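Remarks on the structure that follows.
The values are calculated or read from the model by the stated rules, or taken from the named source; none is laboratory data. This is a predicted model, so every value here is computed, not measured. Please note: Cβ atoms are built from the backbone with ideal geometry, for glycine as well, and neighbour counts cover all protein chains shown.
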Amino acid sequence: MLLPLLAKLLNVSIDYLLTGKSLIGQAGPYDAEYQKEEYYWGMQPSELAEQVAGLAGNNTANKRLLDIGSGEGRDAVYFAKYGFQVDALEVSIPGAEKIRQYSQMSGYAVNVLQTDMIGYAPAGTYDVIYSHGSLQFLPLEQRQKHFDKYKQRTNVGGLNAHLVFVEKPFIPVAPDWEPNEFFYESGDLARYYHDWEILRYEESIIDCNSAGVPHRHALNRIIAKKIKA
Ligand SMILES: C[S@@+](CC[C@H](N)C(=O)[O-])C[C@H]1O[C@@H](n2cnc3c(N)ncnc32)[C@H](O)[C@@H]1O
């Protein structure tokens, strides 16, 4: 009977009190990989991150960047190295821990937000809101309001950049695609940003070997710029 009271007093969950571990964020598909020493997504930044940094040029001082679904932090740390003040949002506890480690190891500070992107309200505004392969975890009915929020929380002149998975009838669903992942359709990203300047927009098909099984993904990438409030 005392457990709920104790948990409240110590500001932890009952799971944590009993096991020393929190169950929040532990059921994620990548948790087991993130607990390994090696970096599942590698340590090199993604091409999209490099394109965003290229567009920002030297103008990154005091610029805030939010990386949604940051994984193990390869892009978050790269952006920090580039001079951005980075918030890395990641739901997986081992993922968040790996980002902290990578940030410490590299000497580039990243602020880790271990939380769920669904329902997350960014604090303040950002110069860049970025995601790479994570917004398929937004259920369809949540998307419009999340994109509206990302757009609203971006400073005028700032960028949003995303890479999403799109459904193609001729590409089989990847073997590690999870029940809580939902495809985009070609053109969805362009529609969300129809009132911004679209700097880059691209569709491509890539080979992938995640889960140790060769397969393909169709991707859409966008970099869009907010022109007016
Ligand atoms: C395909 S991985 C990409 C990781 C990273 N962006 C990269 O490119 O290296 C997608 C990430 O989104 C995270 N994720 C999934 N659902 C999430 C949610 N609801 N809130 C925050 N992060 C989430 C996963 O844990 C995973 O780390």
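Which ones in region 72-96 are in a loop (DSSP other than H, G, I, E, B) and under 22 Å from Ala224 (Cβ atoms)?
Taking region 72-96 first, the residues in a loop (DSSP other than H, G, I, E, B) are 72-73, 82-84, 91-92.
Correct list: Tyr82, Gly83, Phe84.
Looking at (1) part of a helix (DSSP H, G or I); (2) at pLDDT below 50, which one does Glu33 not meet, given that it meets all the others?
(2)
For region 87-138, give me each residue that is polar (S, T, N, Q), free of Cβ contacts under 8 Å to residues at least 60 places away in the same chain and in contact with a strand residue (DSSP E or B) (Cβ under 7 Å, 6 or more places away or on another chain). Step through it out loud before you land on a result.
The first filter runs over region 87-138 and keeps only residues polar (S, T, N, Q), leaving 92, 101, 103-104, 106, 111, 114-115, 125, 131, 134, 136.
From the residues that got through so far, the ones that are free of Cβ contacts under 8 Å to residues at least 60 places away in the same chain too are 101, 103-104, 106, 111, 115, 136.
Answer for region 87-138, where residues must be polar (S, T, N, Q), free of Cβ contacts under 8 Å to residues at least 60 places away in the same chain and in contact with a strand residue (DSSP E or B) (Cβ under 7 Å, 6 or more places away or on another chain): Ser103, Asn111, Thr115, Gln136.
Out of the residues in region 54-83 that are aromatic (Phe, Trp, Tyr) and within 15 Å of the ligand (Cβ to nearest atom), state the one that is surrounded by the fewest Cβ atoms within 10 Å (Cβ to Cβ).
To start, the set of residues in region 54-83 that are aromatic (Phe, Trp, Tyr) comprises 78-79, 82.
Adding the requirement that they be within 15 Å of the ligand (Cβ to nearest atom) leaves 78-79.
On the way: Tyr78: 23, Phe79: 29.
Step by step, filter region 54-83, then rank; the result is Tyr78.
Listed here are the residues, each with its yes/no results for (1) out of contact with any Pro (no Cβ under 6 Å at 6 or more places or on another chain); (2) assigned to a helix (DSSP H, G or I); (3) closer than 25 Å to Glu197 by Cβ.
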position	(1), (2), (3)
Tyr108	yes, no, no
Tyr120	yes, no, no
Asp127	yes, no, yes
Gln144	yes, yes, yes
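Could you check region 139-155 and list, in sequence order, the residues that are closer than 26 Å to Ile227 by Cα and either touching a helix residue (DSSP H, G or I) at 6+ places or on another chain (Cβ under 9 Å) or in contact (Cβ under 8 Å) with a residue 12 or more places away in the chain (or both)?
Residues of region 139-155 that are closer than 26 Å to Ile227 by Cα, as a first pass: 142-155.
The answer is Gln142, Arg143, Gln144, His146, Phe147, Asp148, Lys149, Tyr150, Lys151, Arg153, Thr154, Asn155.
Of these, Phe170, Phe183, which one is at pLDDT 95 or above and either at positive phi or touching a Phe, Trp or Tyr at 6+ places or on another chain (Cβ under 9 Å) (or both)? Walk me through it before giving the result.
Details: Phe170 fails: either at positive phi or touching a Phe, Trp or Tyr at 6+ places or on another chain (Cβ under 9 Å) (or both).
Checking each option against the conditions leaves just Phe183.
Can you report the number of residues in region 84-111 which are within 13 Å of the ligand (Cβ to nearest atom) and small (Gly, Ala, Ser)?
Of the residues in region 84-111, 4 are within 13 Å of the ligand (Cβ to nearest atom) and small (Gly, Ala, Ser).
Within region 136-178, how many residues are more than 11 Å from the ligand (Cβ to nearest atom), closer than 17 Å to Met117 by Cα and surrounded by 12 or more Cβ atoms within 10 Å (Cβ to Cβ)?
Qualifying residue count for the region: 10.
Would you mention how many residues in region 112-135 are touching a Gly at 6+ places or on another chain (Cβ under 9 Å), within 8 Å of the ligand (Cβ to nearest atom) and not acidic (Asp, Glu)?
Step one: of region 112-135, the residues touching a Gly at 6+ places or on another chain (Cβ under 9 Å) are 112, 114-117, 125-129, 131-135.
When the remaining residues are screened for being within 8 Å of the ligand (Cβ to nearest atom), the result is 115-117, 131-134.
When the remaining residues are screened for being not acidic (Asp, Glu), the result is 115, 117, 131-134.
Residues that pass the stated criteria total 6.
For Val213, are the conditions met, namely being more than 14 Å from the ligand (Cβ to nearest atom), modelled with pLDDT under 95 and over 24 Å from Ile93 (Cα atoms)?
So Val213 fits the description; yes.
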